[in-house]
């Protein structure tokens, strides 16, 4: 003990510092935990206020499946037609399209009329569909289609298509309100 006291700057009572080390270490650890908690809460708050806030596409599998099934069936029905029964396509369009998508379909009437004279049949299959966002009563989807065409009973080719589709839940049914080629 005498050698320790002889050193310059050495505490006169070394046991006094040892008495504060435990509570001081506990205080430091507590402070670090509180700071870590504040940082994590801040990051969690930023996540909820970002562009994905309210997006149920991954969180609500039932609604996601419901909208993708309705939109997939609607796209297949509207983009498939036969020169022998164009009225069926028009009926389907009235049932599944609304807003801008319905207006786009109305502009296709000259092409559908030409299908009769050329004896064209188009069969459309939705090969893949995914919901990009589902917020409230509005969904945005990405759909991949394959269209097979026959003219006068002879195969005329097959064409892929990629569409961005907007759908809205209107009176309990998912209706296609916007369609854009991607």
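When only alpha carbons are used to place a centre, the stretch 86-104 and the stretch 115-129 end up 15 Å from one another. Ranked for footprinting exposure by Cβ neighbours inside 10 Å, fewest first, 131, 67, 159 give 159, 131, 67. If the chain linking residue 33 and residue 69 were pulled fully straight, counting 0.36 nm for each residue of separation and taking away their Cα-Cα distance, it would gain 8.2 nm. In a fully extended conformation the segment linking residue 62 and residue 106 would gain 12.6 nm over its present Cα-Cα distance, using 0.36 nm per residue.
If the segment from residue 170 to residue 88 were pulled out straight at 0.36 nm per residue, it would be longer than the present Cα-Cα gap by 27.3 nm. Judged by the gyration tensor of its Cα atoms, with axes a ≥ b ≥ c, the stretch 61-181 is prolate; a/c meets the 1.5 cut and a/b is the larger of a/b and b/c. Panel order for 171, 91, 63, by other beta carbons found within 10 Å of each beta carbon, from fewest to most: 171, 91, 63. Taking the fewest neighbouring Cβ atoms within 10 Å as the starting point, the ordered list for 149, 166 is 149, 166.
The numbers here are math on the coordinates, done by the rules we state, and not lab data. Everything numeric in this text was worked out from a predicted model, so none of it was measured. Don't worry about glycine lacking a Cβ; one is built from the backbone with ideal geometry, like all the others, and counts go over all protein chains shown.
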